[in-house]
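The values are calculated or read from the model by the stated rules, or taken from the named source; none is laboratory data. Not measured: the values here are computed from a predicted model. Here the Cβ is made from the backbone with ideal geometry for all residues, glycine too, and neighbour counts use every protein chain on show.
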Amino acid sequence: MRISAGCELIYDCPQPTPMLLMVSPHPSRHPTLEAPQTIICNPPIPVRQYTDGFGNTCTRIVAPTGRLSLRTALVAADTGLVDPVHPMARQVPVENLPDEILVYLLGSHYCDTDRLADIAWKLFGQGPTGWARVQSICDFVHSRIKFGYEHARPTRTASEAFYEQRGVCRDYAHLAVTLCRCVNIPARYCTGFLGEIGMPPPYGPMDFAAWFEVYLEGAWHTFDARNNIPRIGRILMAQGRDATDVAIATTFGPCTLAGFSVFTDEVE
């Protein structure tokens, strides 16, 4: 299977504005790309990339005064298979976790574990461990939150999503990540492209997707509390502690997002 994906961001800036962008596929996806991703800026400006501490490819620009359009495009090969399921994957005791994994047990900006720890242990502390525990958390989050783009709020934390019971895909991921961390399962936030391949219509508006990964039995495994079923054709862009680490755009000055679109399509 071949998947075409990309996005367009349009900004209006009253002055030159430095920006940090997360619009490239994760290096783990590079072997599946037919060619390097294209990034086209109009007007043309210098573009510089670097790799951050989580292994993501980041793009640095200085948007000029006025309107800037930034478009990306890629074509990736995919197996066409749904997300792998490993129901026998076991939880690793905290004392046996690798040092570099411990950060994914800690609270972070949007994953406020201190506010949900007692709730998490009451809900999931006495049940199964490992894969089954994570799936129980996904089932709970999936039913707890009502999805709607009208509910989007960039400042919402996991505990606020728990109590407000509404949100978008990032809120599902933040809450699931937080509950996993509270019961000693390392979890990290992921963002990328996820189209409607293999899903029945009607289809909603295309957007970047958020899901999460957990560390079980020495490996990272994909879970998706928003959809709560294995899906086809995920293209990972970035991963980190929460949405702070993988924001599509971080701007260092006043500017207005004037246009935004995402596409993800299966191609011949």
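What the table below lists for this structure:
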quantity	calculated
Residue within the stretch 175-187 that is in a loop (DSSP other than H, G, I, E, B), modelled with pLDDT under 95 and out of contact with any Pro (no Cβ under 6 Å at 6 or more places or on another chain) present	no
Residue that is nearest to the chain's Cα centre (by Cα), among those in the stretch 90-125 that are farther than 17 Å from PHE54 by Cα and of a type in the set (Asp, Glu)	ASP112
Output for the stretch 146-167, where each listed residue is in contact (Cβ under 8 Å) with a residue 40 or more places away in the chain, under 14 Å from ALA210 (Cβ atoms) and either crowded, with 20+ Cβ neighbours inside 10 Å or in contact with a helix residue (DSSP H, G or I) (Cβ under 7 Å, 6 or more places away or on another chain) (or both)	ARG156, ALA158
Test set (1) under 24 Å from MET22 (Cα atoms); (2) touching a residue at least 60 places away in the same chain (Cβ under 8 Å); (3) not in a strand (DSSP E or B) - GLY192 fails condition number	(3)
Failed criterion for VAL23 (all others in (1) among the aliphatic types (A, V, I, L, M); (2) more than 20 Å from the chain's Cα centre (by Cα); (3) under 21 Å from PHE54 (Cα atoms) hold)	(2)
Residue, farthest from PHE162 (Cα to Cα), within the stretch 126-146, restricted to residues that are of a type in the set (S, T, N, Q) and more than 19 Å from the chain's Cα centre (by Cα)	THR129
Residue in the stretch 76-122 that is modelled with the lowest pLDDT, counting only those that are small (Gly, Ala, Ser) and part of a loop (DSSP other than H, G, I, E, B)	GLY80
Flag for SER69 being touching a Leu at 6+ places or on another chain (Cβ under 9 Å), of a type outside the set (Phe, Trp, Tyr), without any contact (Cβ under 8 Å) to a residue 24 or more places away in the chain and surrounded by 14 or more Cβ atoms within 10 Å (Cβ to Cβ)	no
Exclusive hit being among the basic types (Lys, Arg) and surrounded by fewer than 21 Cβ atoms within 10 Å (Cβ to Cβ), set ARG170, ARG231	ARG231
Single unsatisfied condition, SER4 versus (1) touching a Phe, Trp or Tyr at 6+ places or on another chain (Cβ under 8 Å); (2) under 18 Å from THR251 (Cβ atoms)	(2)
